[in-house]
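Below is one structure, written out as structure tokens; the observations come after it.
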């Protein structure tokens, strides 16, 4: 259980983080490049400006997470929970944006931002 821990700026390149609980962890500026995060929990985690490129988030819980400015190129978001998450200034491929917009709901309790609005859902 790594919930509420401080991972700011740390490098977890290609780490096997399957099922890890990062709820409410501060991961601002951390690099999880290529990490395997299947079934991981990032509930309320601060992922601002994190490098999440090529991360596999299959079945991950990103509810209420703050991803502002995160880099998510080639990340996989199959069966994720993103309720109440904040995606402000996250650049997404159009197909990924559409996929996430189908399941987007809620408002982030910290930033007050609507998930659908931060994803720029139409």
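Summary of computed values
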read-out	value
Check on residue 75, surrounded by 21 or more Cβ atoms within 10 Å (Cβ to Cβ), closer than 16 Å to residue 2 by Cβ and under 12 Å from the mean Cα position of the chain (by Cα)	no
Output for the stretch 48-80, where each listed residue is in a strand (DSSP E or B) and farther than 15 Å from residue 97 by Cα	51, 56, 61, 66
Test: residue in the stretch 56-68 that is more than 11 Å from the chain's Cα centre (by Cα) and either farther than 15 Å from residue 111 by Cβ or modelled with pLDDT of 95 or more (or both)	yes
Pair list, Cβ under 9 Å, 6 or more apart: the stretch 94-108 residue on the phi > 0 side of the Ramachandran plot, other residue outside any helix (DSSP H, G or I) and surrounded by 13 or more Cβ atoms within 10 Å (Cβ to Cβ)	106/63; 106/64; 106/82; 106/83; 106/84; 106/85; 106/114
Qualifying residues in the stretch 1-47 (those that are under 13 Å from residue 66 (Cβ atoms) and not in a loop (DSSP other than H, G, I, E, B)) - the one farthest from the chain's Cα centre (by Cα)	26
Out of 84, 44, sole residue that is crowded, with 18+ Cβ neighbours inside 10 Å, in contact with a helix residue (DSSP H, G or I) (Cβ under 9 Å, 6 or more places away or on another chain) and either touching a residue at least 12 places away in the same chain (Cβ under 8 Å) or within 19 Å of residue 3 (Cβ to Cβ) (or both)	84
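The values are calculated or read from the model by the stated rules, or taken from the named source; none is laboratory data. Bear in mind the structure is a predicted one, so any value in this text is a computation, not a measurement. Reconstructed Cβ throughout: ideal geometry from the backbone, glycine too, with neighbour counts over all protein chains shown.
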